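Down below is the structure, laid out as structure tokens.
The values are calculated or read from the model by the stated rules, or taken from the named source; none is laboratory data. The model shown is predicted, which means the values in this text are computed figures rather than measured ones. So basically every Cβ, Gly included, is an ideal-geometry build from the backbone, and we count neighbours across all protein chains shown.
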Amino acid sequence: MWGEVEGIASSVVYVYGSSVRRGPVMQGNDRARSLGRSLKTLQTSVQRAGPAAAASYSLIGAILLFGGIGYWCDRWFGTEPWGLVGGLLLGVVAGFYQLAKAVWRKP
């Protein structure tokens, strides 16, 4: 009585406000093919995004590395903001150079 709604198997739960699904339920083989296609599409997308992701990581890494070197130089030589500013600028230039190399590389 409680598990069935208009002849649908008892494994379907009716939620207040939702419509009852009357179409055929996807069988195991169809579900496996659909999952396989989805995973293949995901793999292709990740492979295409790989160079862009690596370029963005190198940009962030260069900024952090040269910023850290500039900060260390400030602490060592007592030139408070200028080593950090110079290191960050050098990191941005080096990072964008790596980004441009990755974007404009021929496949």
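A few comments on the model shown:
- Leading residue by the ranking (surrounded by the fewest Cβ atoms within 10 Å (Cβ to Cβ)) among those in the stretch 71-107 that are modelled with pLDDT under 95 and of a type in the set (Val, Ile, Thr): 103
- The residue that is nearest to the chain's Cα centre (by Cα), among those in the stretch 34-75 that are among the polar types (S, T, N, Q) and over 22 Å from residue 100 (Cβ atoms), is 45.
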